[in-house]
Each structure stands twice: as C-alpha cells, then as structure tokens.
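Just so you know, all these numbers are worked out from the coordinates, no wet-lab data involved. No experiment lies behind these values; they were computed from the predicted model shown. Positions of Cβ are generated from backbone atoms using ideal geometry, with glycine treated the same way; all protein chains shown enter the neighbour counts.
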Amino acid sequence: MSIRRFNLLNKRLYKQATYVILLLMIPIAVTLFKVAAGSDSHVMRIGIYAEDKDAVAARSLMDELSKVREEISFTEYASRDEAIKNVTSAKLDEAWIIPADIDETFERLAAGRQPKSTITVYEREQGVTHLFMQELLESKAFKIYAPGVFEISAGKVLDDEGGLDEFVKTFYDKAPGNSIFSYSRLGENSVAEESYLLMPVRGLLAILLLITSFAASIFYMEDTENGLFIYWHSKFKNLRALGYYSVVMVNSAVLVLLALVLSGMNVGIVSEAVNMAVYCVALILFSMIVRMIFGSVKTMGVVMPLVVIMSIVLSPVFIDIKGLRAVQSLVPSFYYLMSTYDSYWLVRMCLYCLCEVAVLEVIYRIKQIKL
Amino acid sequence: MKYGRYFLAQLKRIKKLLPEMLCLSVLFFGVTFFVGKTLIAGSDYEAGKIKYRIGIMGKEEESFIDMGIFLLESFDDSKYMMELVKYTDFEEAKSDLYDGTLSALCEIPAGFYDSINYLSNDLSIKYYTAAGSRGVTGVFMDEITGIISDYIVYSEAGILSLYDYLDYKGASAEMQNEAVDKLFMSYMSTLLGRGNLVTVKTLGISNGLSTYGYYFTGLTLFLMSVLSFAGISFFIKKNMTLDKLAHSRGIAVPGQIAADFVAYFLCNVVCVTILMMPIFKMLKAKLLEIPEFFTTENAFLFKFYGNVLVAMVLICMFELLIFEVLEGTVNKVIFSFTIILSCAYVSGYLYPASFFPESISKVGRLLPTGVAMTFLSSFLTMKERESATLWLVGYVAAIFVVLCLVRTKKINK
C-alpha cells in the first residue's frame, strides 16, 4: 500500500467521529485510571480498637501495622461497638479488638504458654483474604514478642542474667537485613511497582484495541457497501483488507504505546513496540475472520460484546484464571498481556497469527466471497 | 387506538427478533455464568479446599525441603490456603507455571539451607509468578512473602542475640549450641502455635451482601445489561422516517417512547424469565448456594424475580436512551457497548465497588446501573428499601423525560 493511499485513508478516518472518539478514549482512560490510582483506595479495611491504648504491645502493634503497604488500611477506633458496627454495615472488612492485657498475652506467647485473652477478629464472612489478614496480624505480633522468646531462653541457660537487658534492647539490630525472597515474573521484562488500580490499565487498553479492530471491520463493510473499493482494485483482496485494517489500527496502537510510555507503565520501548505490532496483526486477522464468518454490521454488534466479555475474562485483565490455558489461548489479548513480560508468549502470539492466516485462507476458500 | 396500533407495530418488529434474541440470550447467559464462576473462584474459600498451588523447586537439600513441606502441610494453618508441590526439574516447574497449573513457584537456591543455618541470609528464594497482570492477588502474595520473611529474620535475630550473649558470658561452644537448639525449638513451637493469638468471630451478613450475594446480584444485572445486544437490530434504524410518520399521524413523542419501551421490555421479560428458570432450579438443588437465599420457597424466588424485573425497567430505559442519543449504525454498535460496559464496571458489577476510591464508588452508585444494583441489593438485605425504590422511580421518570426531549429534537430536525 502506497503512502499516498495510507494518507488518503487516514484522512477519511479522521473525518469519522466514531474513530476520533475511539482514539480519544485511550488518553482519557489512562488519565482517569491515573487519577483513581492517586486517590485513597484499599483492598482491605481494618478497624482496630485497643482496650488499653497505653499498653506497650498495643502501641508497638499499631506502629508495625502502619508500615504495611497502603492498599491495606488500618484505622484506630475509640469505641469497640463502633468498630464492630462498621463491620456489620460492610464499611470495614474486619475489626480487631486488642484486649487490655495484651502485654501479658504476648509474654505468655513468648513463654510458649496458652494466652489468657486473645485478639478478637470480627468479620462478616470467611474468605481467603481474611486468612491472609490473620497471618499478617500474627506475623506482626511475632516480631514484637520474638525478643521475649530470646530473653526467656537466654535466662534459662545461665543463673546470672547480668547484661541480658542490653542484648534484648539491641535485638532488632541483629536481624539480617537481606530479604529472604526475591520476586520476579517468568520472563526477561520487568516493570516498576504500580498501584493495584493501575494494574488493569494495560488489559483495558488491549481490549480497547480489540474494539477498534471490530470498528475496522465495520468501517470496511460500510466502505465495501459504499463502493470505495472500486477505486482500489486488487487481485489479493485479503491483503488489501489487511492494509485497510492496518491504517485503522496504527493510530490507536501508537496512542496506546505513547500512553504506556508517558504513564510509566512500560517495559521498554522496543519490547513494547514489537509486542504491539504483533498484537495488532493478531487483532486484524481475528477481526477479519469474524467479519468473514458473520458478515453483517448487525451481527458484528452482537458478536462484539460476546468476544469482548470473553476476552476480559480469559485474558489476565483483572485476574489470571489458572488451568484454562487451552480456552484462554483462543483470544489474542491473552497473548499480548502475557508477552509483555515474557518472550515465550510472544513466540506463541506469532504462531497464533500463523494459525489465523490459515483459518482465514480456509474460510476464504470455503465462502469464495468477494472482498 | 392509534397508540395501540403503533405499539403493536413495535411489538411485531421486536417479535421477529425474539427467536434470535432467545438464542443469543442463552449464549450471553453462558458467558455471564462463566464470568461468575471465574470471579467467585478468585475469592472463594472453604476450609480444606486448596486454593493456591505453589511449586517448591530445589535440587539440593531435598530432605530439608521434604521436611519443610511435610511440616507445613501437616501442622500449619497455611494448609487451608495452599498446596505445596515439590519439583526437581526447573523446566518442568516452569512449564506448569506457564500452563497455569501452578499459582507461583519458589526456587530454593543451592546452599540456601546453609545460608539460613549460618544466619548469613546471603541467598534468597526466588519467587516467580507467570507473566501478566498481578492484580489484587499479587498484593496479598507480596504480603505473604513478607510474613514468611518476618518469621525467619526475627528467629535468626534471636539466635544471633543468644550467641552474642553467651559469648559475652564466656559460655562454651557446646553450651552455646545446646542453648541455640532449644531456642530454635521454642521459635518453632511459637510459630506453629501462632494461631493461639487470635479468636475469629464471624458476624454473618446481617447488613450488606455476602461475596456470593454480591457477585450474584452484579452478574444478574450485568446479564440484563448485555441482553440488549441480542436485540440490537431493534435499535438500528437508518433514519427517523417511522418516527416522523407516527408523529405526523398524531402519535405524540411520549406515546412513541412508551410503546418502544414496553415492546422492548416485554421481549426482555421473556428472555429473562427463561434464563431465570435454570438459576432457580440450581438454587433449589443447592448447586448454587447464596447465603441471602435463606429460603428457596417459590414465594421468595417469585419476589426476587419481581424485583429483577423492576430493576430491568431502569436498565431497559437507560439502554433505550443510549441508543436514542447515539446516531449511526457504527456508533450504536461500538459505543453503546463501551458505555454499558464502563457503567457496569464502575458500578461494581464485575469488581467489588469498595475496591475503588470513594469518589469513583459514589459516581458508580449514582449511575443508572448503580441505582439498579442498590435496588436489587436492598431486596436481598432488606435495608434501605424505600430510598432505593425512590431513586429507581426517579431515574426512570428522568430518563423518560430526557428520551422524549431527544426524540422530539430528532423529529423536528
């Protein structure tokens, strides 16, 4: 396709309000998500009421919890009833009631004895996230009474305990600073830590590109009906369609790339560009297959929601469902979202494109339709 | 009479689409059911049901790994959250992670046991997840690694402190080793008995919805929202000829809108009624267990069905407005879905609204999709019924007025 034809098609597209709005939706969506990610939001909200606010263990626990990542919020309550009431009315996910004798509880735990009173956790229903929170509370408590375990053990070794206090005071300085775990995704690309609200942005942009590819099909059908292709005769109609779709996709793809780069959600411009290019080819071929199978604007209107919903669910936009890879591998957005961090999936996306070409050819031959 | 004829004409138009709509409704139902299963599987928990499959990869110190896995799976509370699977071949483990058989993989480096034993911590366990967005689960998985680190690091601090103290006191090496072994066992027993610190009290869902109830409500409304796409042909018209003709014959715009709405709504009622039957059957057979459905007697299910239809009035009205405002086939096809999907997302149909910042949650609640959600939730919780009903009625009336204005403007163009 010549540059002149590319420019002419582009000019026509920019005159279509639908297309311009679709393009504008990309920066708007990213900006909105950025604003949302900057706001106060939490995956878990915990209310804490300490029966004795001056208890050393209670204060230490609050200090430790304040260092937990901000997605989990901890709020101190002045009233036990209010905290429990807020759990009942779903304003809080859990209420933790710290007993007045929490210092003694920690002492008993350090001595390996059963505590007289415990921290009561109020929750509306059981769930895996509640178990996580319980583990978090227990680990923070462990950090506080761990010096006590040492003190009791050391006290039992020798009769003379002189100087032991000094070693208890410097207990935390002894903790090795190196992390026990180092996190990495499978694959060579990594991205900076991002808010959990920003995590679906890439997925939603991928879905927006999928919608754009459907729009390309609809524009193509309209232009076929309006006789545009009388002026663009080609022996290879599928190749002509590929060129047409590419013009529609290229603007959106560039905007998505820019949005990812400017918002800091990218893994490197070259990797992003290569992934995006292959994804666009996969989308174009996918949309061409759908068009050739269903063939009318109205049917596309029905098929598009189905495909988009399935793509959102099957691709790791919000959650990555495990154990359904065979079904997941049917949608292009799955490959794109996985290949961002790992070239293993990029290779598979290329293979997927080849399969699409084969399917397209088969359908073309079966239907023998005029493009 | 003329209104009746116009209504019948609309009804005939949509009746032609009914078989197609029914087939597509079943398809949409299948998709929504799949969405529901996926969403609930992400937050579901039952004691004894394994959630996360974690691979443990290590070539050396196999007895150490075996013992660790045995201890965790036998005595530790974490057995309710995860299943540990041992690997000796990294490629096999990687392949399972790619396939989604594993949620995460921990690679224990050679010499890690010595590194911990000598308290140097110069080696770290590599914790891998597959590529892709990590989402909310990633937030919790990060915390879990932090929790495990805390237990190890502060136990080590205790052991190092004990060595230093006994050195200071001039204790023999033999005495030191014996004391450290005892301290290690103390930390181990403290660790395994950590659950003694907490008493959990489950209050139940006296107010607000349970996780199952929430997703059930959201997805029921989501299904109704996407049903309109099964009948998209009803909304796609090339020009305003029919509307103008009806207007010239004395059929006022409010009458036209009412007729359009009732015809479209009735068609949706047929689809929803057919789709509700298997849902009710599943509820009765306990294949679908929603805590809010404390009874599955017909009277209760019928009341729920009635409330679904009332919520559907608002959704149908909102969709009618979207299709009326949008002009052109392409716009209707592309943007109607984008708008409805965005509204459903912000109103918390697919993702709990409490995850969003307060300002976005508020916007989500104020959208017609959010008002429908509040209304249907209020039936299941039996709270704030009056205000939810008032909001719904107000919205239906307001949308009707806006629809009349838009149609009038289009006819007079």
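Would you mind checking the tilt of helix A:3-14 against the longest principal axis of the Cα atoms of chain A, expressed as 0 to 90 degrees and rounded to 10?
The answer is roughly 60 degrees.
Run the dipole for chain A about the Cα centre, Lys and Arg Cβ at +1, Asp and Glu Cβ at -1, nothing else charged, and hand back the magnitude in debye, nearest 20.
Dipole magnitude for chain A comes out near 3440 debye.
With respect to the cross-link table entries B:Lys37/B:Lys281; A:Lys143/A:Lys169; A:Lys235/A:Lys298; A:Lys11/A:Lys235; B:Lys303/B:Lys362, which display a Cα-Cα separation exceeding 23 Å?
Numbers: B:Lys37/B:Lys281 17 Å; A:Lys143/A:Lys169 14 Å; A:Lys235/A:Lys298 28 Å; A:Lys11/A:Lys235 25 Å; B:Lys303/B:Lys362 28 Å.
The pairs that break the limit, which is 23 Å between Cα atoms, are A:Lys235/A:Lys298; A:Lys11/A:Lys235; B:Lys303/B:Lys362.
Using only the alpha-carbon atoms, how far is helix A:56-65 inclined from the longest principal axis of chain A? Give it as 0 to 90 degrees, nearest 10.
The answer is roughly 10 degrees.
Roughly how many debye, to the nearest 20, is the charge dipole of the range A:248-371 about its Cα centre, given +1 on each Lys and Arg Cβ, -1 on each Asp and Glu Cβ, and no other charges?
Approximately 480 debye in magnitude.
Using θ = phi - 60° and the Karplus form 6.51 cos²θ - 1.76 cosθ + 1.60, what ³J(HN,Hα) does each residue of the range B:399-405 get, whole Hz, x for Gly and Pro?
Per residue, the Karplus-derived 3J(HN,Hα) values read 5, 4, 4, 4, 4, 4, 5 Hz.
Given the Cα-Cα distance of A:Cys355 and A:Ser79 and 0.36 nm per residue of separation, how much length would full extension add, in nm? Walk me through the intermediate numbers first.
Working: separation 276, 0.36 × 276 = 99.36 nm, distance 6.34 nm.
In short, 93.0 nm is gained.
For the range A:326-338, in order, what is each residue's ³J(HN,Hα) by Karplus, 6.51 cos²θ - 1.76 cosθ + 1.60 with θ = phi - 60°, in whole Hz (x at glycine and Pro)?
4, 6, 4, 6, 7, 9, x, 4, 4, 5, 4, 5, 7
Tell me which residues come under 5 Å, amide H to amide H, from B:Ile125 once H is placed; ignore anything under 5 positions away on its chain.
HN-HN under 5 Å from B:Ile125: A:Phe181, A:Ser182.
Can you tell me the FRET efficiency between A:Lys367 and B:Glu386 if r is taken as the Cβ-Cβ distance and R0 is 60 Å, rounded to the nearest 0.05?
Taking R0 as 60 Å, the efficiency between A:Lys367 and B:Glu386 is 0.55.
For B:Val253, what is the net charge nearby, where nearby means another residue's Cβ is under 14 Å from its Cβ and Lys, Arg count +1, Asp, Glu -1?
Around B:Val253, the charge tally is +4.
Taking only the C-alpha atoms, wrap a convex hull around the range B:237-386 and report its volume per residue in Å³ as a whole number.
Measuring per residue, one finds 154 Å³ for the Cα hull of the range B:237-386.
Quick one: if you stick a label point 7 Å off each Cα along the C-beta vector at A:Gln126 and B:Met240, how many nm between them?
Roughly 6.1 nm, to one decimal.
In chain A, with Lys and Arg counted as +1 and Asp and Glu as -1 at Cβ, which of these residues, A:Ala17, A:Tyr172, A:Met221, has the Cα nearest the positive end of the dipole, that is, farthest along it?
Among A:Ala17, A:Tyr172, A:Met221, the one farthest towards the positive end of the dipole of chain A is A:Met221.
Show the residues, 5+ positions off or on another chain, whose built amide H is closer than 5 Å to the amide H of B:Leu102.
For B:Leu102, the qualifying residues are B:Leu97.
Determine ³J(HN,Hα), in whole Hz, for all residues of the range A:295-300 in sequence, where each value follows from phi through the Karplus function 6.51 cos²θ - 1.76 cosθ + 1.60 and θ = phi - 60°; x replaces Gly and Pro.
With the stated coefficients, the range A:295-300 comes to x, 9, 4, 5, 5, 4 Hz.
Compute log10 of I(q)/I(0) for the protein assembly as shown with the Debye formula, placing one identical point scatterer on every Cα and leaving out solvent, at q = 0.08, 0.09 Å⁻¹, to two decimals.
Once normalised to I(0) and log-transformed, intensities are -0.78, -0.94.
Using the 10 angstrom Cβ neighbour count as an exposure proxy, how do A:Met276, B:Met382, A:Met304, A:Met310 rank, fewest first?
The fewest-first ordering by Cβ neighbours comes to B:Met382, A:Met310, A:Met276, A:Met304.
Mind checking A:140-153 for the average number of partner chain beta-carbons within 10 Å of each residue's beta-carbon?
6
What's the exposure ranking of A:Ile84, A:Ile21, A:Ile230, going from fewest to most Cβ atoms within 10 Å?
Least to most surrounded, the residues fall as A:Ile230, A:Ile21, A:Ile84.
How about the range B:254-301: which GluC sites (Glu not before Pro) there are in a DSSP loop, with at most 14 other Cβ atoms within 10 Å of their Cβ?
Qualifying residues, ordered by number: B:Glu289, B:Glu297.
Subtracting the Cα-Cα distance from 0.36 nm times the residue separation, let me have the gained length for A:Phe181 to A:Lys91 in nm, one decimal.
Numbers: separation 90, 0.36 × 90 = 32.40 nm, distance 3.39 nm.
Answer, rounded to one decimal: 29.0 nm.
Report, as an integer, the average count of C-beta atoms from other chains found within 10 Å of each Cβ along A:240-251.
Rounded to a whole number, the mean comes out at 0.
Let me know the mean shielding of B:356-366 by other chains, meaning the per-residue number of their Cβ atoms within 10 Å of its Cβ. Spell out each step's value before the answer.
Numbers: counts 5, 9, 3, 5, 6, 1, 0, 0, 0, 0, 0.
So the per-residue partner count for this stretch is 3.
Extending each Cα 7 Å along its Cβ direction at A:Ser117 and A:Lys237, get the distance between those two points in nm, one decimal.
Each label point is offset 7 Å from its Cα along the Cβ direction, giving 8.2 nm.
Fewest to most neighbouring Cβ within 10 Å: what's the order for A:Tyr145, A:Tyr336?
A:Tyr145, A:Tyr336
List the residues whose amide H sits under 5 Å from the amide H of B:Lys86, counting only those 5 or more places along or on another chain, with H placed 1.01 Å from N in the peptide plane.
B:Ile56
Over all alpha-carbon pairs in the range B:298-413, figure out the percentage whose distance exceeds 17 Å.
More than 17 Å apart: 61 percent of the Cα pairs in the range B:298-413.
Mean separation of Cα pairs under 8 Å and 6+ residues apart, divided by the residue count of chain A: what relative contact order is that in percent?
17 percent
Using only Cα atoms, figure out Rg for chain A and give it as a multiple of 2.2 N^0.38 Å.
Chain A yields a ratio of 1.41.
Where both residues lie in the protein assembly as shown, what percent of DSSP beta bridges are antiparallel, nearest 5?
20 percent
Which Rg and Dmax, in Å, describe the Cα atoms of the range A:44-173?
Cα only, the range A:44-173: 16.4, 56 Å (Rg, Dmax).
If R₀ is 30 angstrom, what is the calculated FRET efficiency for the pair A:Ala277 and A:Ile28, using the beta carbon separation as r and rounding to 0.05? The partial results should precede the final answer.
Details: r = 24 Å, r/R0 = 0.80.
Efficiency, from the Cβ-Cβ distance: 0.80.
With the crude spin-label approximation of a point 7 Å out along Cα→Cβ, what separation in nm comes out for A:Ser343 versus B:Leu366?
Inter-label distance under the simple model: 5.0 nm.
Give the percent of DSSP beta bridges with both residues in chain A that are antiparallel, rounded to the nearest 5.
Details: 4 of 14 bridges.
Rounded to the nearest five, the antiparallel share is 30 percent.
Compute the Kirkwood hydrodynamic radius of the range B:208-310, taking the inverse of the mean of 1/r over all pairs of distinct Cα atoms, and give it in Å to one decimal. Write down the numbers at each step before the final one.
Working: mean 1/r = 0.0617 Å⁻¹.
Final number for the Kirkwood radius of the range B:208-310 is 16.2 Å.
In degrees between 0 and 90, to the nearest 10, how far off the longest principal axis of chain A does helix A:128-157 point, with axes built from Cα atoms?
That works out to roughly 30 degrees.
For the range A:1-139, calculate the relative contact order in percent as a whole number, restricting contacts to Cα pairs under 8 Å that are 6 or more residues apart.
22 percent
How large is the convex hull of the C-alpha atoms of the range B:135-200 per residue, in Å³?
Normalising the Cα hull of the range B:135-200 by residue number yields 90 Å³.
For the range A:224-371, what's the relative contact order in percent, using C-alpha pairs closer than 8 Å and at least 6 residues apart?
28 percent
Largest first and in whole Å, what are the equivalent-ellipsoid semi-axes of the range A:41-89 based on the Cα gyration tensor, each being the root of 5 times an eigenvalue?
Working: eigenvalues 66, 58, 5 Å².
Equivalent ellipsoid of the range A:41-89: 18, 17, 5 Å, largest first.
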